[in-house]
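Take a look at the structure below.
The values are calculated or read from the model by the stated rules, or taken from the named source; none is laboratory data. Here the structure is a predicted model, which is why all the values come from computation and not from measurement. Using ideal geometry, Cβ is built from the backbone for each residue, glycine included, and neighbour counts are taken over all protein chains shown.
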């Protein structure tokens, strides 16, 4: 960050390591909670953006805790979800903008068809 003047930090699939069954539940919850707190404070103190991705995981109590901890500390939460008919980009949390969603075109949409719609 100091060397290159970076203003963006990306943490990919943040919870994956902590969902490992070999890591004791209590230890995983404590360390993940500390990590989300640190990243939130780090972003604020250094006036930069920390973008953490959280890929869909199997349903478990640990998974629900991680998602809640990460989203609870975030200023902005965006998710991508597949509905029956379309993929949606959902703004779940934002300090200024109204919450809502936008639909993505079908996976079968060709570039030619997309350009015709523009």
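Brief remarks on what is shown
- Residue match in the range 65-74 (condition: assigned to a loop (DSSP other than H, G, I, E, B) and either under 24 Å from residue 100 (Cα atoms) or without any contact (Cβ under 8 Å) to a residue 12 or more places away in the chain (or both)): yes
- Every listed requirement among (1) surrounded by 13 or more Cβ atoms within 10 Å (Cβ to Cβ); (2) assigned to a loop (DSSP other than H, G, I, E, B); (3) modelled with pLDDT of 85 or more is met by residue 57 save one, (3).
- Some residue of the range 6-26 being in contact with a strand residue (DSSP E or B) (Cβ under 9 Å, 6 or more places away or on another chain), surrounded by fewer than 13 Cβ atoms within 10 Å (Cβ to Cβ) and not in a loop (DSSP other than H, G, I, E, B): yes
- Flag for residue 52 being touching a strand residue (DSSP E or B) at 6+ places or on another chain (Cβ under 7 Å) and surrounded by 14 or more Cβ atoms within 10 Å (Cβ to Cβ): yes
- Filtered residues of the range 85-105 (kept if exposed (fewer than 11 other Cβ atoms within 10 Å of the Cβ) and either modelled with pLDDT of 95 or more or in a loop (DSSP other than H, G, I, E, B) (or both)): 85, 95, 96, 97, 98, 99
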